[in-house]
Amino acid sequence: MDYGTGKTADYTVTPLNDAFNTLNTFGSACAYDASSKLIHCWGGQEVSTGKLYNILSSFDTTAMKWVRVAAYPEVPGHMQSASAVVGSSLYMYGDYGSATNRTSDFYRIDLKTYALSRVTATGVSGIRTFHCMATLSDTKLIMHGGATTSDSTYTNQVLIFDTQTNSWTDVTPSNATTAPPSPSGRRSHGCAVGQNGGFYIFGGLDSLNSQDFLSSNDLWVLESPQRQWKRLTANKANNIPNVPDTRFDTCLVSLGRFLITYGGGNAEIRSNSISVAYDPNLYFFDTDKSEWISSIYYA
């Protein structure tokens, strides 16, 4: 989509390497590098075979094509990790290898040499999958939520990683374990850092109990520098114009004063009965006005 004109266009994109079909995977962890204008995607699961990838795929947003695919045989395949670019490095955390093989794997790829190394960090961390990560500054990233030891154990923990000291700091607000004004623990949500320094989270799956899950559409900001949660739109606030429906596996990006969300499924998972609906719209939230302002249909 051209944000200046609001127009959308279809592009034909082909895999760069048939051995790693980047167009036929899900659960990859993708992050945008503004300096190179590349999107770097780590891991994922091949749809038809179920194979977990240990590859990094890079997409050029100017040329609109895949420009690099590289495998890292020294590490296992990963899916449902989270990633963020800090400086000239891509950081990837967590993994959902299987229902019984979640990990706290933490890797760094130098985007100048594309060398991979394991990160040895101090401070608070732990098993994460279906979580969310974003670039906080030139030296720090921020991570929120996700599933921990099981599909029904979600966290609301907020962690900041300092790449200069290789240390985690738990910045979970004091009101994060109570009802609103704090978001519930969740997974499969979108997050982004706005130009105002606030950390925004949107949507995701809430766990009602061990078997029932519902997607949400509440929007929250962890304000800077107070580090306290503020709810901007309530869950299931469908009577407000332009508010996206409830959804999980959605993306959230920051562009100037706007947040943009796209994709995801509106799900109800009850006693192993799954109902999912998908939405072809783009939605825009104005952080200055603190309101959803428009949507663009794209199919």
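Return the residues of segment 122-135 that are hydroxyl-bearing (Ser, Thr, Tyr) and open to solvent by less than 50 Å² (accessible area, probe 1.4 Å); say none if nothing qualifies. Result: Thr129, single match. Sub-9 Å Cβ pairs linking a first residue in segment 36-58 that is among the basic types (Lys, Arg) to a second residue that is assigned to a loop (DSSP other than H, G, I, E, B), at least 6 apart or interchain, are Lys37/Thr61; Lys37/Thr62; Lys51/Gly77, ordered by first then second residue.
When segment 112-140 is filtered for residues that are small (Gly, Ala, Ser), over 17 Å from Ala31 (Cα atoms) and in contact (Cβ under 8 Å) with a residue 40 or more places away in the chain, the ones remaining, listed by number, are Ala121, Gly123, Ser125.
Matching residues to (1) open to solvent by less than 40 Å² (accessible area, probe 1.4 Å); (2) at pLDDT 90 or above; (3) in contact with a His (Cβ under 6 Å, 6 or more places away or on another chain):
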position	(1), (2), (3)
Cys251	no, yes, no
Leu255	no, yes, no
Leu259	yes, yes, no
Gly263	yes, no, no
Ala267	yes, no, no
Asn272	no, no, no
Val276	no, no, no
Phe285	yes, yes, no
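The values are calculated or read from the model by the stated rules, or taken from the named source; none is laboratory data. What you see is a predicted model; the values in this text were computed from it and never measured. Backbone-built Cβ (ideal geometry, glycine too); neighbour counts: all protein chains shown. When the accessible area is computed, the model is the full protein with side chains, heavy atoms only, and any ligands, DNA or RNA have been set aside. Shrake-Rupley method; radii C 1.70, N 1.55, O 1.52, S 1.80 Å.
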